[in-house]
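Reviewing the structure listed below.
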Amino acid sequence: MKNIVLTRVDDRLIHGQVITAWSKITSANRILVVDDEVASDPFMAKVLKIAAPSTVKVDVHGIEEAVNLLKKEDEGDKVMVLVKYPDTVLSLVDNGVPIKELNVGGMGAKPGRKSLYKNISVSEDEKLVFKKLIEHNVNVSIQIVPDAKKIEIQKYL
Amino acid sequence: MIGILVVTHGDFSKEIVKSAELIVGPQDNYKVLGLKHGDNIEKFESNVLDQIESLSSKEGVLVFVDLYGGSPFNTIAKNLNKLNDSINLECISGVNLPIVLEAFLNRDELNLSDLKNHCLKIGKESIRDIKQDLY
């Protein structure tokens, strides 16, 4: 199994906070973006790949391929898993990827979502997904940047 | 901790640090100074020297200025001889967001000379042709 150093829900996927603060604190040398939609769009995948520092290898995969990749032998890589939506994480967990910690870093306001904590907004369905993840013993917390306080999500659900 | 001083024309210094903090979170042990229209240049110079003094420690101070040859640059350059006697100081012109971020993120682990070299490298590498990278 690959060594996952951070799993993060962030609808912007790779951006400033991720390529500077988070990649430094986790020492990640690989980023795995898991998103069926982005994986089917070669141009968007390329945009994500050039957004990361040259020292970090970026892979963009749909859920099925991502599960296969994560279950491969650990060859010393430190992998940061980035997803747009919590249900992607639930799919990974349901498919046997051992995720114990989930960082919620960016879920912007949009139709159907309500503010949960400051700038983090969720829909009713997404709340349910978080509850299921917690039932699966995943520790879910909100933390935008490593210096910010970690907020356990459970009491807001 | 290495102190960081950003000296620029106008509010650029204040705002570039605010932008950096948006990405890496709140920072300390830094100062910003902006030269405004109508400012007295001698007063500005003494402010710059005072701020360098206030940031000074055995780890040293890294100064960023915006424009090579501009007044913030000149203010630092003309005082370098004097400053070098008492303060461990490095100065970089052409400040941009990537180098400010790198300075904040790496100042606990690198010594002043290595931090300066790292920032110079990052600053240059961060200016890229996006279309060329994509197509």
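Listed values for the range A:136-144 are Karplus-derived 3J(HN,Hα) couplings in whole Hz (6.51 cos²θ - 1.76 cosθ + 1.60, θ = phi - 60°), namely 7, 6, 8, 7, 9, 9, 9, 7, 6, and x replaces Gly and Pro. Taking all protein chains into account, the per residue accessible area for chain B stands at 54 Å² (1.4 Å probe). Mean sequence separation of contacting Cα pairs (under 8 Å, at least six apart), scaled by the length of the range B:3-134, corresponds to a relative contact order of 26 percent. Adding -39500 (n - 2.57) for every DSSP H run of four residues or longer, then dividing by how many residues chain A holds, sets the calculated 222 nm ellipticity at -8000 deg cm²/dmol. Considering only A:Met80, A:Met107, A:Met44, give the residue with the highest GNM mean-square fluctuation for chain A, with springs between Cα atoms whenever their separation is below 10 Å. Largest GNM mean-square fluctuation: A:Met44. Calculated accessible area for chain A comes out at 49 Å² per residue, all protein chains present (probe 1.4 Å; ligands, DNA, RNA ignored).
Shown in residue order for the range A:107-118 are the 3J(HN,Hα) couplings computed by the Karplus curve 6.51 cos²θ - 1.76 cosθ + 1.60 at θ = phi - 60°: 9, x, 5, 7, x, x, 9, 10, 4, 9, 8, 6 Hz (x for Gly and Pro). Solvent-accessible surface, computed for protein heavy atoms with a probe of 1.4 Å, shrinks by 20 Å² or more for the following residues of the range B:85-130 when the other protein chains are added to the isolated chain: B:Leu105. Residue by residue, the range B:120-135 carries 3J(HN,Hα) couplings of 4, 5, 4, x, 6, 5, 7, 9, 9, 8, 5, 5, 5, 5, 8, 10 Hz when phi is fed to the Karplus relation 6.51 cos²θ - 1.76 cosθ + 1.60 (θ = phi - 60°); x denotes Gly or Pro.
Estimated from helical segments only, the mean residue ellipticity of chain B at 222 nm is -17000 deg cm²/dmol, where each DSSP H run of four or more residues counts as -39500 (n - 2.57).
Here the accessible area of the range A:36-75 is 51 percent carbon and sulfur, with a 1.4 angstrom probe and all protein chains present.
Ordered from largest to smallest accessible area (heavy atoms of protein chains, 1.4 Å probe), the residues A:His136, B:His37, B:His118 come out as B:His37, A:His136, B:His118. Solvent-accessible area lost on pairing B with A (1.4 Å probe, both sides summed) amounts to about 1000 Å².
At a threshold of 10 Å², the residues of the range B:6-36 that become less accessible to a 1.4 Å probe in the full protein assembly than in their chain on its own are B:Leu22, B:Ile23, B:Val24, B:Gly25, B:Pro26. Residues whose amide H lies under 5 Å from that of A:Met107, counting only those 5 or more places away or on a different chain, are A:Asp11, A:Ser121; hydrogens are built 1.01 Å from N in the peptide plane. Could you give the distance between the Cα centres of the range B:44-83 and the range A:71-105, to the whole Å? Distance between centres, Cα-based: 47 Å. What is the helix-to-structure angle for B:71-86, meaning the angle in degrees between its Cα long axis and the longest Cα principal axis of chain B, kept from 0 to 90 and rounded to the nearest 10? In chain B, helix B:71-86 runs at an angle near 70 degrees to the longest axis. Value of Rg to Rh for the protein assembly as shown, rounded to two decimals, is 1.05; Kirkwood radius and Rg both from alpha-carbon coordinates. Amide H contacts for B:Lys31 (H built 1.01 Å from N in the peptide plane; partners 5 or more residues away or on another chain; cut-off under 5 Å): B:Ile4, B:Leu5, B:Val6. Backbone amide hydrogens, once placed in the peptide plane, bring A:Lys57 within less than 5 Å of A:Arg30, A:Ile31, excluding anything fewer than 5 places away on its chain. Please identify, among A:Val47, A:Val67, A:Val79, the residue showing maximal mean-square fluctuation in a Gaussian network model of chain A using a 10 angstrom Cα cutoff. Comparing A:Val47, A:Val67, A:Val79 in the GNM, the peak value goes to A:Val47. Of the residues in the range A:1-45, those shielded by at least 10 Å² of accessible area once partner protein chains are present, compared with the chain alone at a 1.4 Å probe, are A:Gly16, A:Gln17, A:Thr20, A:Ala21, A:Lys24, A:Phe43. Using a cutoff of 8 angstrom between alpha carbon atoms and counting only pairs six or more residues apart, the relative contact order for chain A works out to 29 percent. Here the accessible area of the range B:1-69 is 53 percent carbon and sulfur, with a 1.4 angstrom probe and all protein chains present.
Comparing mean-square fluctuations of A:Lys24, A:Lys118, A:Lys57 from a GNM of chain A with C-alpha springs under 10 Å, the top value falls on A:Lys118. Projecting label points 7 angstrom from Cα along Cα→Cβ for A:Lys132 and B:Gln27 puts them 4.2 nm apart.
The values are calculated or read from the model by the stated rules, or taken from the named source; none is laboratory data. Just so it is clear, the structure is predicted and the values come from calculations on it, not from any experiment. Neighbour counts are summed over all protein chains in view; Cβ atoms, including those assigned to glycine, are modelled from backbone coordinates with ideal geometry. Just the protein is used for accessible areas: all its heavy atoms, side chains included, with ligands, DNA and RNA removed. Shrake-Rupley method; radii C 1.70, N 1.55, O 1.52, S 1.80 Å.
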